[in-house]
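Below is one structure, written out as structure tokens; comments come after it.
Every number in this text was worked out from the coordinates using simple rules, so none of it is lab data. This one's a predicted model, so the numbers in the text were calculated from it and none came from an experiment. Heads up, the Cβs are rebuilt from the backbone with ideal geometry, glycines too, and the neighbour counts pull from every protein chain shown.
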Amino acid sequence: MATKKKNKKGKDNKKSKKKLIIIIVILSIIVLSLLGVIGFLVYRNSLENKTTGSDWSDIYYKFLKEQNKSKQANYPFNGKAEVSFVKTKNTEDPMMLVKSDRDCSDGKTKCEEYNIFGIEDDSVKFIQGDSAEKAEVKLYYNIEKKDYKYYLHLENENGFDYYFSLDTMKYDFDNYNVEKEAKKRGITDFDSKEFKDLYDEISKKKDSDTSRDVINLPVTEQKVEQKTLDGKVLEYDKIDELIVDTNVEPEYINYKKDMDVIKLRQEVVDEVDECKNIDDLLNKSIKKIVKEQIDLIEKVKQDIENAKNEIKADEEKKAKEAEAALYAKGLTVGSHNLKFGNYTTSNQIGPDGGQLYGTITLKPNGKFHIKTNFEQSSGETRNIDEDGTYTVGTAINSFDEQDAIKFTTNSGYKFTYFVTDNYMNSQWIIYKYSGN
């Protein structure tokens, strides 16, 4: 019996040891798992808060991370968007572009929207937002300023065509910020008349600021067209003589609300590498594109100028031919005929009433020029040298009705001369044809 009890006790001890080992193993696994989880979380937290490569990108990354985690994220960070960073020549830190889709104001059409952000006092500030049926940011060459700049291009089917340089957006934010100025003046109610008046005041100053780089072409000015003498049409887009599209666009990262923060950070890190100074982007290929486009537009402009000159020369030739035909036909006044050209008289001043002496140039189409002296009945004389118009008909000469021309100068002076072939005369003075 003692032996059996002893064996039973030994078996119980073995079972206890096995249970203890199992418990130790399980506890070890749990501890190791916890350590692994803690280690992973520590590593993840360390990676999540690790620098993205620069001070400015860290500021933007912090802002995006806060928006990503926030339950009350503002548009466009409450859904999907494309995010890019762009270095401009006139801003200390790159600007952040956020591109998204939304309904246009008509509630039917889909619009593309850009919201532009900058850094001020180590925090992200909203600079400007614009939307259109087609919206894009590209690098352009400004021909007049001879400089490369990023422009936001907005375009609608109704002909709206607008180019806004990112440098000017930041310039407007710094110099024409209505909300900042309102705070300075103690205006807190943005629906008040004071705020509206301030908005109008600043808008007026901004619109008159010629240093702003904004291109807004009316529909009627967006194309330049010219017909050639043989009926062909030469044309080009007006914008192409102002700026040249280099086909360089920013690289974008895909942002999505509640996306993995580590992935978001890596996207920002990758984007920092793509964010380069404009001068570093200007390779031979881009400069070649710009030169070829400028040369092409200059050639078309020269062709248009040549076409205008050809048409003008043709019109002048036809006008001269038509005028020659009119001169050859002459002017019919009743039963008499007058040649077009100069009619002169001597310097004799007739007695009594006012008299004219000098030269009258009779032209086709009812026009004339007079360069002569005029004596009033008072004996005072003055010179006349001006154009005028005439009509043909009849007038009473003493008691007879005769063929006559009635003249009126541009200043309103009126006089009448009777007509015989290639003569014009009054009672006291005669104008005789003297040639062209």
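What to note about this one:
- Estimated FRET transfer efficiency when R0 is 41 angstrom, pair Q402-L326 (beta carbons, to 0.05): 0.95
- Cys residues of the chain counted as unpaired, since no other Cys beta-carbon is under 4.7 Å: C275
- Subtracting the Cα-Cα distance of K432 and L296 from 0.36 nm times their residue separation leaves 43.0 nm of extension gain.
- The chain: angle of helix 166-175 to the longest principal axis, Cα-based, in degrees nearest 10: 90 degrees
- Counting lysine pairs in segment 65-118 that sit 8 or more residues apart in sequence, or on different chains, and whose Cα atoms lie under 26 Å apart gives 14.
- In the chain, Cα pairs under 8 Å separated by at least six residues give a relative contact order of 11 percent.
- Within segment 150-172: backbone nitrogen closer than 18 Å to the K108 label point (7 Å, Cα to C-beta): 156-160
- The length gained on full extension between I262 and D230, counted as 0.36 nm times the residue separation minus their Cα-Cα distance, comes to 4.9 nm.
- With both labels modelled 7 Å from their Cα along Cα-to-Cβ, the V31 to T416 distance reads 13.3 nm.
- Taking label points 7 Å from Cα along the Cα-to-Cβ direction, N216 and E310 give a separation of 3.9 nm.
- Taking the C-alpha atoms only, the angle from helix 55-69 to the longest principal axis of the chain is near 70 degrees.
- Charging the Cβ of each Asp and Glu at -1 and of each Lys and Arg at +1, and nothing else, the dipole of the chain about its Cα centre rounds to 4880 debye.
- Placing pseudo-labels 7 Å out from each Cα toward the beta carbon at K287 and K65 gives an inter-label distance of 4.1 nm.
- When the Cα gyration tensor is reduced to axis lengths a ≥ b ≥ c, the ratio a/c is 1.5 or higher for segment 200-259, and with a/b not above b/c it is classed as oblate.
- Net lengthening on full extension, T389/K318 (0.36 nm per residue, minus Cα-Cα): 23.2 nm
- Against the main long axis of the alpha-carbon atoms of the chain, helix 261-274 sits at an angle near 40°.
- Spatially proximal lysines relative to K227 (Cα-Cα < 28 Å; intrachain offsets below 8 disregarded): K238, K291, K299, K301, K308, K312, K317, K318, K320
- Shape category assigned to the chain from the gyration tensor of Cα positions, a/c cut at 1.5: prolate
- Placing +1 on the Cβ of every Lys and Arg and -1 on the Cβ of every Asp and Glu, with no other charges, gives segment 55-303 a dipole of roughly 240 debye about its Cα centre.
- With R₀ set to 41 Å, the beta-carbon distance separating K184 from K238 gives a calculated FRET efficiency near 0.55.
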